[in-house]
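The values are calculated or read from the model by the stated rules, or taken from the named source; none is laboratory data. Because the structure is predicted, anything quoted here is derived from the model rather than measured. Cβ: placed from backbone, ideal geometry, glycine included. Neighbour counts: every protein chain shown.
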């Protein structure tokens, strides 16, 4: 330890960044490395009993609130409609002050709360560096590097508090030999000055109300904790299981992505996009760059979600947002629960109060982004209850998308049919379908020009069968229907898909997934293939689709999109109708696009089309 | 600047960089995200090649151009089409006057050689075969192989690329191994009112203020209804309206009439009737809340603690104002 942190022979003054797990670890390490006989923290003494009791409840995070007492002047100052104010101490395991108090209580070290009592707390504001730098430099270097940008106290109260804390340290060192004092990084140089210069006190303690402890609504923990709730949970887990927690501010993000990926897979099953290690690597690299461009070393929630949304899609980002919000270690506490917002909270009596953090970290900046959360169960049930069973229609953008894909498959199949016929030959009299520059160059030594001949493709196509999931489990695809075209540009469509009523995504909007589909274009009128007795000889869903395709197609060839080529059974089936399948492998197409094409939204009536866009998010 | 290079004994003629540079107005965030994609922190680090997606006319190419301007690098644009072939993308052999073959590097390859920035415009139109030839360029190998010229061209460390794609166009042809190299996907949204006005003003500095205001009002209302009318549509429409106004100086058309005509001619008759679209929508949505965004993960939509709530109220106000605007505008015209 260098002298930079030594305030005197008896006092070690450690500047910390509030709300940072890295600093909490650094302080814990310092307390393990050296022996102290007293811990001084920058909180007023009125908070001591409540804060220490609440620390006993950890790992359940709580908040200790001190309401501002209203006197005549403050009542006058408050404009009507303005909420009353509270200052609070977040009992967050990733707060260095709380971590130090927690260790001190465990070690039976005496604690001193040395801050000035203030009725209305004015939190100092500062732009602070990222605490991750602490992994490369010591606390002294970190503090020294931030010195040039540290502003002197801006408010009278801040000034008075610093002088008061310096005086308290002087009093404390009369009794104690080895004091560990913790202060905010922004106060550090001014506290040292005040201590050295023995500045006279300029303010006295205010009369304050008794602090009260509250539990936090788990969904809004993110607004109380310095780190993401998931990362805080990892710190706590590492503490309980004696695991390594040295690099959790970065490794925690990686773990978060992996946990979110597991949940995403469990949720979407086979519909899930493949979140490969390569994709995660790209995502993390992009996340790193976004954080750097923002002037940070570790990502915030916003950048984390932006990066996952832009690399792995909306649905995965939703899981990341939900995982980041999760804190599973919270247990029952005897305290009443409040709901936190940004610098606001709703007390159990529904009153909304403005909050001032006594241990302020980075200022919170709220940036929103378009990301629709998953509907909650009651919402889904309500939407399902209001569903009118006699009215359903498709969502036109999806119709258009799958029709484009169908047209594209026709083109591909025709290319396959005509591929064998294309040839190249030396130029004689006609340039035919253009000079084949590649063959001309290849035979350059012959000094001949080669030309391409692309004969018109033989045959036409009017039917394509897409088998996205084969072999398909009939239990997964209970919704089987034949839909007729709304206009001449649409195909006749027969499909088997998952039950849309199981997945309501909005009022009057259900989501289903195609298992397989057959398209007939130009559209013709056919009997419902799922009830047509002529097709009863088939035993599986896929066979029924293929048999229907063979029955209703007027062309000798049928395009078949599937993962593996048609087996002997299916080929025999086609032969029976005098048809032939042109196989198009599924893996030639982008996985993400296929997953999107498979998702079909069912709307409860055409009026739903006008707002469906707001609720529909693709994987 | 050097317009020819020699690689492995092959003389390559290089393309010319793109000269015109537009301004990027508003939406700083997406520009910052593009910069983040192109940032490298170490010699061994590789830049990302993002896909810029969004409806036509929203400014995807302009964003790439703005990125190139910000990085102060030469810009090359390659327009992809469905019949773009690998040699068009890389090196094209051309029969020179001497009867010999000259090799011309595409804008993409020129950017890779010179360390410039390349925008592959409308990349979704290109087929898999052409994309496959670019696979090594966008991963750790960072080179392209020209079969025609028989050379391997290694990319300059400063080479950056982005691909623009229309959201509504099919991207079936691009298989996963290519898609995984084109990450992340930056989606451009419609600009805010102030930005949209500034964009129109920038492109049409000579347009009358009231015409600009009318157009911005129209576009903003269309964006709120999720209709795909882009700033480019607004620019085209205003251009047409200005031309109609200037056409006959003796019997000038009223501004309002010219504007309405431009709207119908450029964007179709549907565009004239946004009010009924809006009414239909609000009627059918009933009381249901439209999902908002990140804040909904923590709060119910009507919770006073909801951080997006303030802006939502403002939006709603704007929306109401828009419907009152028709009256206001008439007053202005008088």
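Brief remarks follow.
- Looking across segment A:239-249 at every residue that is in contact with a helix residue (DSSP H, G or I) (Cβ under 7 Å, 6 or more places away or on another chain) and assigned to a helix (DSSP H, G or I), the one that is nearest to residue A:303 (Cα to Cα) is identified as A:249.
- Any chance residue A:262 is at pLDDT below 90, part of a helix (DSSP H, G or I) and more than 7 Å from chain B (Cβ to nearest Cβ): no
- Any hit, segment B:254-265, residues being part of a loop (DSSP other than H, G, I, E, B), modelled with pLDDT of 60 or more and in the same structural domain as residue B:202 (by the TED database): yes
- The combined condition, being more than 30 Å from residue A:444 (Cα to Cα), more than 11 Å from chain A (Cβ to nearest Cβ) and in a strand (DSSP E or B), is not fulfilled by residue B:58.
- In the set B:188, B:200, B:182, only one residue is within 18 Å of residue B:129 (Cβ to Cβ) and either surrounded by fewer than 19 Cβ atoms within 10 Å (Cβ to Cβ) or modelled with pLDDT of 85 or more (or both); that residue is B:182.
- Residue B:14 assigned by the TED database to the domain that holds residue B:160, buried (at least 22 other Cβ atoms within 10 Å of the Cβ), under 24 Å from residue B:157 (Cβ atoms) and touching a residue at least 24 places away in the same chain (Cβ under 8 Å): no
- Among the candidates A:272, A:181, the residue that is crowded, with 17+ Cβ neighbours inside 10 Å, closer than 30 Å to residue A:513 by Cβ and either in contact (Cβ under 8 Å) with a residue 12 or more places away in the chain or within 16 Å of the chain's Cα centre (by Cα) (or both) is uniquely A:272.
- For segment A:480-513, the set of residues classified as under 17 Å from residue A:407 (Cβ atoms) and assigned to a strand (DSSP E or B) consists of A:492, A:493, listed by residue number.
- Subset of segment A:9-25 [within 13 Å of residue A:38 (Cβ to Cβ) and either part of a loop (DSSP other than H, G, I, E, B) or not assigned by the TED database to the domain that holds residue A:132 (or both)]: A:10
- Test: residue A:296 is in a loop (DSSP other than H, G, I, E, B) and at pLDDT 85 or above: yes
- Meets criteria (over 25 Å from residue B:140 (Cβ atoms), within 13 Å of chain B (Cβ to nearest Cβ) and assigned to a helix (DSSP H, G or I)) for residue A:322: yes
- Residue check, residue A:525 surrounded by fewer than 17 Cβ atoms within 10 Å (Cβ to Cβ), more than 39 Å from the chain's Cα centre (by Cα) and within 14 Å of chain B (Cβ to nearest Cβ): no
- Counting the residues of segment A:532-545 that are under 41 Å from the mean Cα position of the chain (by Cα) and buried (at least 18 other Cβ atoms within 10 Å of the Cβ) gives 3.
- Residue within segment B:24-39 that is within 10 Å of chain A (Cβ to nearest Cβ), assigned to a loop (DSSP other than H, G, I, E, B), surrounded by 14 or more Cβ atoms within 10 Å (Cβ to Cβ) and without any contact (Cβ under 8 Å) to a residue 12 or more places away in the chain present: yes
- For the criterion of being exposed (fewer than 15 other Cβ atoms within 10 Å of the Cβ) and more than 28 Å from residue B:104 (Cα to Cα), residue B:53 fails.
- Counting only strands (runs of 3 or more DSSP E) that sit completely within segment A:348-464, those holding 2 or more residues that are free of Cβ contacts under 8 Å to residues at least 60 places away in the same chain correspond to A:423-426, A:450-453.
- Selected residue (criterion: modelled with the lowest pLDDT) from residues of segment A:135-164 that are closer than 14 Å to residue A:116 by Cβ and touching a helix residue (DSSP H, G or I) at 6+ places or on another chain (Cβ under 6 Å): A:153
- Residue, surrounded by the fewest Cβ atoms within 10 Å (Cβ to Cβ), within segment A:416-471, restricted to residues that are touching a helix residue (DSSP H, G or I) at 6+ places or on another chain (Cβ under 6 Å) and closer than 28 Å to residue B:102 by Cβ: A:449
- Given (1) buried (at least 21 other Cβ atoms within 10 Å of the Cβ); (2) away from chain A (no Cβ under 14 Å); (3) assigned to a helix (DSSP H, G or I), number of the condition residue B:210 does not satisfy: (1)
- Of all residues in segment A:570-608, those satisfying the criterion of being assigned to a helix (DSSP H, G or I), in contact with a helix residue (DSSP H, G or I) (Cβ under 8 Å, 6 or more places away or on another chain) and away from chain B (no Cβ under 14 Å) are A:570, A:573, A:574, A:576.
- Of all residues in segment B:228-242 being crowded, with 19+ Cβ neighbours inside 10 Å and touching a helix residue (DSSP H, G or I) at 6+ places or on another chain (Cβ under 7 Å), the one that is nearest to residue B:261 (Cα to Cα): B:241
- Residues in segment A:330-389 that are touching a strand residue (DSSP E or B) at 6+ places or on another chain (Cβ under 7 Å), more than 11 Å from chain B (Cβ to nearest Cβ), more than 30 Å from residue A:87 (Cβ to Cβ) and surrounded by 17 or more Cβ atoms within 10 Å (Cβ to Cβ): A:380 alone.
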